[in-house]
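A short write-up of the structure that comes next.
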Amino acid sequence: KAYVLATLSAFQASAEEYDKSVLGVEESLELARKTGKPGIINLCMTMACQVYVHSKEYNKGKSLCEELLVSSEKLEHQYSIIAARHLLSDCALGGRNFKEAEKLYGLALETALKYHNAYQGGAELQGVAFALSGQSRWAKSIRINAAAREHFRKIGVSIEGLIKFWDEWIETYIGGAEEKLGEEMTRKCEEEGIAMGFDKAVEYALDFEKD
């Protein structure tokens, strides 16, 4: 029952039924904890963290993501380790803690690459770009975002149009950086980002002091 309720709540969050999804996922987590089964608890925590981020409940999300990370590492559950690090980064960005978000997305990027998750690696790289834009580091943001989008193109996937809040962040942070730089400089920075290739872009993203 806990798993079914958590899954339903995740669908409700995707459908923007945020109040229902939060209530449902909190009930599912309570039921899961009563089972005393670490695997079920971890699974419901993962979905709860996703719901909190979708619902912009970043304070609740942060504390639960921290618990999820510890639990997932104990269980050696790769998917949930990646999810916990990514969602912690989302909570920092959602709370407009841009410097913290940059470093957390960097850690999430390293984690995704450690476990050979190419799609998530692209998402974390784009997250770094959002965090850079939030710090008014427009040029690096555009370069990193262009490298992330080229990476998605090469692996044959798209992240746009899948998650509402992520699309909003693309518009806010990447669109905002493009507006600040202007068309000509944006195009130049995009070309520089694409020319880097994914591996060099990762190195560049993880050099937090470099613009």
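Brief remarks on what is shown
- Here segment 32-141 is treated as an ellipsoid with the same Cα gyration tensor; its semi-axes, largest first and in whole Å, are 25, 16, 9.
- Distant alpha-carbon pairs in segment 1-81 (separation over 18 angstrom), percent: 35 percent
- Excluding exposed DSSP-loop trypsin sites (Lys or Arg not before Pro) (at most 12 other C-beta within 10 Å), longest clean stretch of the chain: 97-209
- Taking a Cβ cut-off of under 12 Å around residue 92, the surrounding Lys, Arg, Asp and Glu residues balance to a net charge of +1, with basic ones at +1 and acidic ones at -1.
- Think of each Lys and Arg Cβ as +1 and each Asp and Glu Cβ as -1; about the Cα centre, that makes the dipole of the chain roughly 520 debye.
- Among 152, 106, 64 the positive-end extreme of the charge dipole of the chain (Cβ point charges): 64
- Computed log₁₀ I(q)/I(0) - Debye formula, equal Cα scatterers, no solvent, the chain, q 0.11, 0.17, 0.18 Å⁻¹: -0.51, -1.11, -1.21
- Where segment 54-111 is the region considered: accessible area per residue in Å², 1.4 Å probe: 47 Å²
- Rg(Cα) / (2.2 N^0.38 Å) computed for segment 119-186, rounded to two decimals: 1.03
- The chain - percent of accessible surface contributed by carbon and sulfur, probe 1.4 Å: 52 percent
- Applying a threshold of 29 Å to the alpha-carbon distances of 37/103; 99/164; 37/60; 56/180; 56/154; 74/140 flags 37/103; 56/154; 74/140 as lying beyond it.
- Cα-projected label distance for residue 155 with residue 135, points at 7 Å along beta-carbon direction, nm: 2.4 nm
The values are calculated or read from the model by the stated rules, or taken from the named source; none is laboratory data. Model, not experiment: these values are computed from the prediction. All Cβ positions, glycine included, derive from the backbone under ideal geometry; neighbour counts span all protein chains shown. Ligands, DNA and RNA are excluded from the accessible area calculation, which covers all protein heavy atoms including side chains. Shrake-Rupley method; radii C 1.70, N 1.55, O 1.52, S 1.80 Å.
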